[in-house]
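Q: This is the structure I have questions about; it appears just below.
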Amino acid sequence: MAEFIPILFFLLVCLVLMAGYPIALSLTGVSLVFAAIGTMSGVFDTAYISLIPNRIYGLLINQNLFAVPLFVFMGTMLERSRIAEDLLKNMAIAFGKFPGGLGISVIIVGMLLAASTGIVGATVVTMGILSLPTMMKAGYKPSLACGTLCATGTLGQIIPPSICLVLLGEVISNAYQQSQLNAGVFAPGFVSIGDLFAGAIIPGLLLVIAYTTYMFVIAMLKPSHAPRIVIDELDEGTNVFTALLKGLLPPVLLMVAVLGSILLGIATPTEAASVGAVGAMILALIKRALTLTVLHSVSIETMRVTSMVYLILVGATIFSAVFRGFGGDVLIEELLRNLPGGVVSATLVVMLLIFFLGFILDFIEITFMVVPLVGPILLAMGVDPIWLGVMIAVNLQTSFLTPPFGFSLFYLRSVAPAEIKTIEIYRGVIPFVIIQIALLLLLALQPALATWLPSVL
């Protein structure tokens, strides 16, 4: 009976989360209750509990995780200073007269906003508020408009620099080191967050290209679904080059400065995030949007998101310790290693597990609750850590977009007009889900898409 306790423990945590209780409190509370019951029953060693304070302290002093509040600050500052709104307007002026131009503009703007915020909910809601009324006014088919917005919102999972990749990079690195230690390598290597950023660039760009291609094809085959827009008289005199220069250049330069400094080894992710935060403030200042009110609201939002992340980290640390105390890591390893088909079957099972958990858990919970348990096992079986990290990021992105439980759908539903039916949102995302599944299959068949760039940098 004792060998089934880890499974019961994991299922109960998922049930509590599905009931709507806060993730950090759910992980901590259920874990401590199970630890107490296990201690009294004589099936749990309290030594695992005694290790938790040191692990939590290690999280708090982790230099890489300092990048989280800085990236959140950067993204929130770009949002609150209405830079994203101006970017969308200028991109619409530049591309709006072309077939599907407005949709393509929304994808590009969503890509930049997603990369800067790295939070699916924030990106989808912001783009929904900014873009959905414009697309509906331009005559876009509701399902196409909603699908585009949901899909672009999830790009924050894979387009660097993103919070998802920062957190995932840290976990994958720890899992890689753990797998090496388990194999008897006492001078283990590591996987840097910059490596994971580099690995995600090509898949992320392929996804953006696929989205824009789909939009262009729809606009050519069914012009009524994605019509050309008529630029307002006030904007008729605006030069296309000027619009691109004003709208696209500043945020792109900021992204290049942040990402380039990491990839070239000039700065650590935390240092680059600092550059991004200061750069976002400079852009807001140039736009004359940097006020005390804006700075206050951005700081409060940064503190809120950062506190949420760190509380989840603490909860996930306690959960992981208790799960291992009950032998859950050994159980998972035995299950994965005994699957017919070896590493291929094990990877497929893990990917399916993460996909379905993405319906009920956010990427932060999955990253710190599931990946530390399955990551060392897969890496010990010979899976490339960068490829695994990119696959997980794309997988989570697909999960958040898939009806009927995808988070991205619910976020857009919360800001979409009442006349847009939920079924139209579901229909609109299906082509984008197919595109993302195709990317997953392509990555599975061609791992070099994720591993080549880190190897040459």
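The values are calculated or read from the model by the stated rules, or taken from the named source; none is laboratory data. All values reported here derive from a predicted model rather than from experimental measurement. Methodologically, a virtual Cβ is constructed for each residue, glycine included, from the backbone with ideal geometry; neighbour enumeration extends over all protein chains shown.
Q: Specify which of the listed residues (LEU27, LEU59, LEU17, LEU65) is in contact with a Phe, Trp or Tyr (Cβ under 9 Å, 6 or more places away or on another chain), modelled with pLDDT under 80, crowded, with 18+ Cβ neighbours inside 10 Å and part of a helix (DSSP H, G or I).
A: Values: LEU27 fails: modelled with pLDDT under 80; LEU59 fails: crowded, with 18+ Cβ neighbours inside 10 Å; LEU17 fails: in contact with a Phe, Trp or Tyr (Cβ under 9 Å, 6 or more places away or on another chain).
Going through LEU27, LEU59, LEU17, LEU65 in turn, the sole match is LEU65.
Q: Moving to a separate point now. Of PHE190, PHE216, which residue is at pLDDT below 80 and over 13 Å from the mean Cα position of the chain (by Cα)? Full working, then the answer.
A: Working: PHE216 fails: at pLDDT below 80.
Just one listed residue meets the conditions, PHE190.
Q: Shifting gears a bit: What are the pairs with Cβ atoms under 7 angstrom where one residue, in region 276-293, is outside any helix (DSSP H, G or I) and the other, located anywhere, is at pLDDT 85 or above? Sequence gap at least six, or different chains.
A: Going by the 7 Å Cβ cut-off, the qualifying pairs are LEU290/MET281; LEU290/ALA284.
Q: For region 315-335, name all the residues that are touching a residue at least 24 places away in the same chain (Cβ under 8 Å) and not hydrophobic (A, V, I, L, M, F, W, C).
A: If we filter region 315-335 for residues that are touching a residue at least 24 places away in the same chain (Cβ under 8 Å), which is where we start, we get 315-329, 331-333.
GLY315, THR317, SER320, ARG324, GLY325, GLY327, GLY328, ASP329, GLU333, listed by residue number.
Q: If we scan region 342-351, do we find a residue that is modelled with pLDDT of 85 or more, surrounded by fewer than 21 Cβ atoms within 10 Å (Cβ to Cβ) and either closer than 30 Å to THR46 by Cβ or not aliphatic (A, V, I, L, M) (or both)?
A: So far as region 342-351 goes, yes, one or more of its residues are modelled with pLDDT of 85 or more, surrounded by fewer than 21 Cβ atoms within 10 Å (Cβ to Cβ) and either closer than 30 Å to THR46 by Cβ or not aliphatic (A, V, I, L, M) (or both).
Q: Is there any pair linking a residue in region 336-347 that is farther than 11 Å from MET381 by Cα to one that is in a helix (DSSP H, G or I), with Cβ under 6 Å and at least six apart or on different chains, and which?
A: These pairs meet every condition: LEU339/SER345; LEU339/ALA346.
Q: In region 414-457, what count of residues is obtained for those that are over 18 Å from PRO403 (Cβ atoms) and not β-branched (Val, Ile, Thr)?
A: 19
Q: Tally up the residues in region 404-457 that are touching a Cys at 6+ places or on another chain (Cβ under 7 Å) and within 15 Å of GLY199 (Cα to Cα), please.
A: 0
Q: Do we find that ILE312 is part of a helix (DSSP H, G or I), under 19 Å from SER26 (Cα atoms), touching a residue at least 12 places away in the same chain (Cβ under 8 Å) and not charged (D, E, K, R) in this structure? Give the derivation first.
A: Details: part of a helix (DSSP H, G or I): yes; under 19 Å from SER26 (Cα atoms): yes; touching a residue at least 12 places away in the same chain (Cβ under 8 Å): yes; not charged (D, E, K, R): yes.
So ILE312 passes the test.
Q: Right, here's the next one. Take the conditions touching a Leu at 6+ places or on another chain (Cβ under 9 Å), within 27 Å of TYR211 (Cα to Cα) and either surrounded by fewer than 18 Cβ atoms within 10 Å (Cβ to Cβ) or touching a residue at least 24 places away in the same chain (Cβ under 8 Å) (or both) and apply them to VAL124. Does it pass? If you could, list the steps in order and put the result at the bottom.
A: On the way: touching a Leu at 6+ places or on another chain (Cβ under 9 Å): yes; within 27 Å of TYR211 (Cα to Cα): yes; either surrounded by fewer than 18 Cβ atoms within 10 Å (Cβ to Cβ) or touching a residue at least 24 places away in the same chain (Cβ under 8 Å) (or both): yes.
It is true that VAL124 is touching a Leu at 6+ places or on another chain (Cβ under 9 Å), within 27 Å of TYR211 (Cα to Cα) and either surrounded by fewer than 18 Cβ atoms within 10 Å (Cβ to Cβ) or touching a residue at least 24 places away in the same chain (Cβ under 8 Å) (or both).
Q: Can you find a residue that is within 30 Å of VAL309 (Cα to Cα), buried (at least 23 other Cβ atoms within 10 Å of the Cβ), modelled with pLDDT under 80 and small (Gly, Ala, Ser) anywhere in region 155-174?
A: Scanning region 155-174, I find at least one residue that is within 30 Å of VAL309 (Cα to Cα), buried (at least 23 other Cβ atoms within 10 Å of the Cβ), modelled with pLDDT under 80 and small (Gly, Ala, Ser), so the answer is yes.
Q: Going by the structure shown, is LEU441 closer than 22 Å to TYR211 by Cβ and either modelled with pLDDT under 90 or in a helix (DSSP H, G or I) (or both)?
A: Working: closer than 22 Å to TYR211 by Cβ: yes; either modelled with pLDDT under 90 or in a helix (DSSP H, G or I) (or both): yes.
Yes.
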